[in-house]
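Below is one structure, written out as structure tokens; comments come after it.
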Amino acid sequence: MAERVIPLVDERRSGGPTVRAIALPAQDTRPNGLLADQLGRPLRDLRISVTDRCNFRCGYCMPKSVFDKDYAYLPQTALLSFEEIERVARAFVAQGVQKIRLTGGEPLLRKNLERLIEKLSAMRTLDGQPLDLTLTTNASLLARKAQALKDAGLQRITVSLDALDDAIFRRMNDMDFPVSDVLAGIEAAQAVGLGPIKVNMVVQRGTNCQQIVPMAQHFRSSGIVLRFIEYMDVGHTNGWRMDEVLPSAQVLERLRQGIGPLVALSASVPGETAERWGWATPDGRHDAAAGEIGLISSVTQAFCSNCNRARLSTEGRIYTCLFATEGHDLRAVLRAGATDAQLASAVAAVWTGRTDRYSELRASLPPDAAGAPDGASPRRIEMSYIGG
Ligand code: SAM
Ligand code: SF4
Ligand code: SF4
């Protein structure tokens, strides 16, 4: 009989990082949208993970070797219900959040997600505006769900697509999923008016660099903004290596050589993570009809100083950085019967204590400081657990 090797640290469990109880202040302070963390950064953006499961096994996110049939995903009872997510989202909005992105795992796998979208789309920011409500998806179920998502009040959508070449794409999602279904999902989203659509491509040297130019050609003049993302050292299961990162500057160079000139565009909102570049006319102006691309240089150009984003995990922990090793247990506060004011105070307590700036510090940290496999160091959260 074949022997099974039991690793010293079992990677096939959800979460991993430590969890911290939130200490509520003796008296609730009235939220006014002016919260600032220890580095003076406001709270404006919330990512909500609605599931830790996915039907893809992208090697940079959920490698099959770890996320196998024995992997311990969160049990149903651990997940926040839609009603709980709605209450938490209200607390964040009371504290200044203006934008919410649903993510996962694969968010479209969460049953009846439209019901949650209906609740979130009815919310208003502190100055009475609708939330900027969006969702990131691998689009495998998008063709089927686009209309229902739109009807529920979703405004726009981001689709992840790493290659147009079918063989490369099937290899990267590692579930033999064809690229044609993703393209059909994008078309369906366009047809129902979910827009503007963004497409995210994680660029991994040695895997899909040859797809940079074909992807840009495909989405040029389509009204869709293609964004190239540097492969990041999130979590500790993807075996990240710096030599697999293609710096954005080199992506730009390949685009200029392969397609033509690009001009720098200014940021459309403060704290924007993507650097914007527009396709140029022969006389060097932005060719608006051809559109633009984005470069997200999470590794080579840290944007921590503008980072106004909190993350809520599927089971209700707040994480204040994508590279966090510790979450704050908002679910415990919620399920202990907290009032809305107490929930908002809990959010404030976490945000005002925040000091995160991992990307700025990355170069000065010892190799794999947070992701050491021997269990000696604290473990970073996985991307599939917290969402991008
Ligand atoms: N399953 C959905 C999807 O793929 O769009 C949503 C969740 S996924 C974790 C969110 C985003 O994170 C995707 O665009 C994915 O490409 C990106 N991502 C995952 N692992 C990454 C890594 N190691 N480096 C950079 N981006 C990553
Ligand atoms: Fe799934 Fe998205 Fe991660 Fe790919 S990137 S494995 S689609 S959660
Ligand atoms: Fe924000 Fe953390 Fe990323 Fe810096 S490393 S930009 S603090 S999520």
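The values are calculated or read from the model by the stated rules, or taken from the named source; none is laboratory data. None of these values were measured; they are calculated from a predicted model. Methodologically, a virtual Cβ is constructed for each residue, glycine included, from the backbone with ideal geometry; neighbour enumeration extends over all protein chains shown.
Restricting the stretch 83-131 to residues that are within 16 Å of ligand 1 (Cβ to nearest atom) and part of a strand (DSSP E or B) leaves a set whose member that is surrounded by the most Cβ atoms within 10 Å (Cβ to Cβ) is Leu102. Remark: Thr51 falls outside the filter, which requires a residue to be of a type outside the set (A, V, I, L, M) and either modelled with pLDDT under 95 or surrounded by fewer than 16 Cβ atoms within 10 Å (Cβ to Cβ) (or both). Among the residues that make up the stretch 213-222, is at least one of them of a type in the set (S, T, N, Q), away from ligand 3 (no atom under 16 Å from the Cβ) and within 17 Å of Leu295 (Cα to Cα)? Checking the stretch 213-222: at least one residue is of a type in the set (S, T, N, Q), away from ligand 3 (no atom under 16 Å from the Cβ) and within 17 Å of Leu295 (Cα to Cα).
With under 21 Å from the mean Cα position of the chain (by Cα) and of a type outside the set (A, V, I, L, M) as the only criterion, which of Ser180, Ser140 stands out? Spell out the reasoning first.
Details: Ser180 fails: under 21 Å from the mean Cα position of the chain (by Cα).
Being under 21 Å from the mean Cα position of the chain (by Cα) and of a type outside the set (A, V, I, L, M) holds for just one of Ser180, Ser140, which is Ser140.
Test Gln211 against the stated conditions and say whether it is at pLDDT 95 or above, outside any strand (DSSP E or B), within 14 Å of ligand 1 (Cβ to nearest atom) and surrounded by 15 or more Cβ atoms within 10 Å (Cβ to Cβ). Yes, satisfied. Residues in the stretch 229-254 that are in a loop (DSSP other than H, G, I, E, B), closer than 14 Å to Thr300 by Cβ and of a type in the set (Ser, Thr, Tyr): Tyr231 only.
For the stretch 318-337, a tally of residues being under 16 Å from the mean Cα position of the chain (by Cα), aliphatic (A, V, I, L, M) and surrounded by fewer than 24 Cβ atoms within 10 Å (Cβ to Cβ) returns 2. Of the residues in the stretch 14-48, how many are under 17 Å from the mean Cα position of the chain (by Cα), modelled with pLDDT of 95 or more, away from ligand 1 (no atom under 14 Å from the Cβ) and not hydrophobic (A, V, I, L, M, F, W, C)? Selection size over the stretch 14-48: 2.
Looking across the stretch 225-238 at every residue that is away from ligand 3 (no atom under 13 Å from the Cβ) and more than 15 Å from Phe323 (Cα to Cα), the one that is surrounded by the fewest Cβ atoms within 10 Å (Cβ to Cβ) is identified as Val225. Look at Val159 and say whether it is in contact with a Leu (Cβ under 6 Å, 6 or more places away or on another chain), away from ligand 3 (no atom under 16 Å from the Cβ) and either within 26 Å of Gln257 (Cα to Cα) or not in a helix (DSSP H, G or I) (or both). Taking the combined requirement at face value, the residue does not satisfy it.
Would you tally the residues in the stretch 214-224 being of a type in the set (S, T, N, Q) and buried (at least 22 other Cβ atoms within 10 Å of the Cβ)?
Number of matching residues: 0.
For the stretch 47-57, filtered to residues that are outside any loop (DSSP other than H, G, I, E, B) and more than 13 Å from ligand 3 (Cβ to nearest atom), the residue that is farthest from Ile386 (Cα to Cα) is Ile48.
Apart from one condition, Val199 fits all of (1) modelled with pLDDT of 95 or more; (2) of a type in the set (Val, Ile, Thr); (3) out of contact with any Gly (no Cβ under 9 Å at 6 or more places or on another chain); (4) in a loop (DSSP other than H, G, I, E, B); the exception is (4).
Restricting the stretch 71-82 to residues that are part of a helix (DSSP H, G or I) and without any contact (Cβ under 8 Å) to a residue 12 or more places away in the chain, the residue that is nearest to Thr134 (Cα to Cα) is Gln76. For Glu315, the criteria (1) in a loop (DSSP other than H, G, I, E, B); (2) more than 16 Å from Arg20 (Cα to Cα); (3) more than 14 Å from the chain's Cα centre (by Cα) hold in every case but one, which is (2). Taken over the stretch 54-72, the residue count meeting the criterion of being within 14 Å of ligand 2 (Cβ to nearest atom) and more than 26 Å from Met201 (Cα to Cα) is 1. Being at pLDDT below 95 and out of contact with any helix residue (DSSP H, G or I) (no Cβ under 6 Å at 6 or more places or on another chain) holds for only one residue in Ala267, Ala332, Ala302, and it is Ala267. The residues of the stretch 246-286 that are over 21 Å from Thr207 (Cα atoms), surrounded by fewer than 15 Cβ atoms within 10 Å (Cβ to Cβ) and aliphatic (A, V, I, L, M), listed by number, are Ala264, Leu265, Ala267, Val269.
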